Amino acid sequence: MKRKKNIVLSLLLVSLLFFPLDSPGGVLPSLKDKLRESLGDLIPLRVVVDDVRVVGGDPALASSGGGQILSLEPIRFIPPSRALYSVLVRGRRGKVGHLTVEVKYDTVVTAYVTARAISRGEILREGDIYPLPQRSSRLPAGSVTDLSRILGKRVKRNLSQGVVIRTSHLEDGTLVKRGRKVRIVVRGDGVLLTATGKLMKKGRVGETVTVLCEETRRKVTGLLVSPETVVVTL
């Protein structure tokens with residue numbers, strides 16, 4: 001009787017070692033990580049996976065503890081933030097099968113927020129805004145995520161502190177032709193000088209341009225803040 005009991009215990013131990021008990025999440029927790037890695041390789045942004053659900057194949061393979069993910073391939077993307085994947089899974093007892101899963105994801109981008117109240121007509125500088133990582137789905141429509149499209153741009157309307165910068169807040173950069181006469185304003189600590197010059201190359205309002213100063217015949221670089229004015233900061 002004792003020997004029979006030992007045999008039963010041995011068989012139970014072997015079954016636990018080679019055929020683990022079902023885990024509450026099965027392969028889904030590790031699948032979520034692998035899907036995030038796959039989406040991160042395909043999308044040039046930080047990806048957050050919110051939900052994964054099985055929509056095809058044998059659901060038992062997904063819930064089986066001790067299962068192994070052999071491979072996964074994207075089937076198609078469903079705008080704006082869902083994708084279907086084909087996943088090859090080996091179950092706890094060696095059974096291999098395919099699952100079709102739907103993944104709901106989001107991307108994280110950097111928006112820019114006003115650090116102070118900005119008046120209409122002001123030119124935006126680095127100290128006027130700060131970066132704010134945010135989920136794409138939570139951003140207002142038209143939010144600007146490229147810093148180069150903000151700095152040096154003129155604001156169309158008054159903005160309070162803490163506002164996410166949008167394209168509708170900014171004036172379009174007007175193209176100014178080469179040779180255009182402009183007013184050069186030189187600013188520094190306790191210094192404010194003005195002169196007249198000509199653009200060496202065409203440029204848009206908000207861009208950095210090179211100007212030939214007529215008085216000194218020297219080239220200076222500054223910010224084209226309007227079609228008539230270039231600001232040089234010392």
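Key figures for this structure:
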read-out	value
Straight-distance crosslink candidates among aspartates and glutamates, where the alpha carbon sits under 12 Å from K198 and sequence neighbours closer than 8 are dropped	E214, E215, E228
Whole-Å distance, taken between Cα centres, linking the range 121-174 and the range 192-234	24
Calculated percent of Cα pairs over 33 Å apart (choose from (1) 22; (2) 18; (3) 50), label	(3)
Antiparallel bridges, percent of DSSP beta bridges restricted to the range 148-234 (to nearest 5)	80
Helix-only mean residue ellipticity at 222 nm for the chain, each DSSP H run of n ≥ 4 adding -39500 (n - 2.57), per residue, nearest 500	-5000 deg cm²/dmol
Gaussian network model of the chain, springs between alpha carbon atoms under 10 Å - residue of S86, S143, S71 with greatest fluctuation	S71
Folded to 0 to 90 degrees: helix 28-42 orientation relative to the chain principal axis, Cα	30
Check: the chain dipole with +1 on Lys, Arg Cβ and -1 on Asp, Glu Cβ, in debye	200
With Cα atoms, 0 to 90° folded angle of helix 2-18 axis to the chain main axis	20
Counting DSSP beta bridges with both ends in the chain, the antiparallel % (nearest 5)	90
Cross-link pairs beyond the 18 Å C-alpha cut-off, checked among K34/K104; K156/K201; K181/K201; K32/K95	K156/K201; K32/K95
Lys, Arg +1 and Asp, Glu -1 on Cβ, resulting dipole of the range 109-169 about Cα centre, debye, nearest 20	220
Estimated dipole of the range 21-106 in Debye, rounded to 20 [Cβ of Lys and Arg +1, of Asp and Glu -1, Cα centre]	180
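Any read-out appearing in this document is the output of simple, stated calculations on the displayed coordinates, not a laboratory observation. Worth saying up front: this structure is predicted, and the values here are computed from it rather than measured. Every residue, glycine as well, gets a Cβ built from its backbone with ideal geometry; the counts of neighbours run over all protein chains shown.
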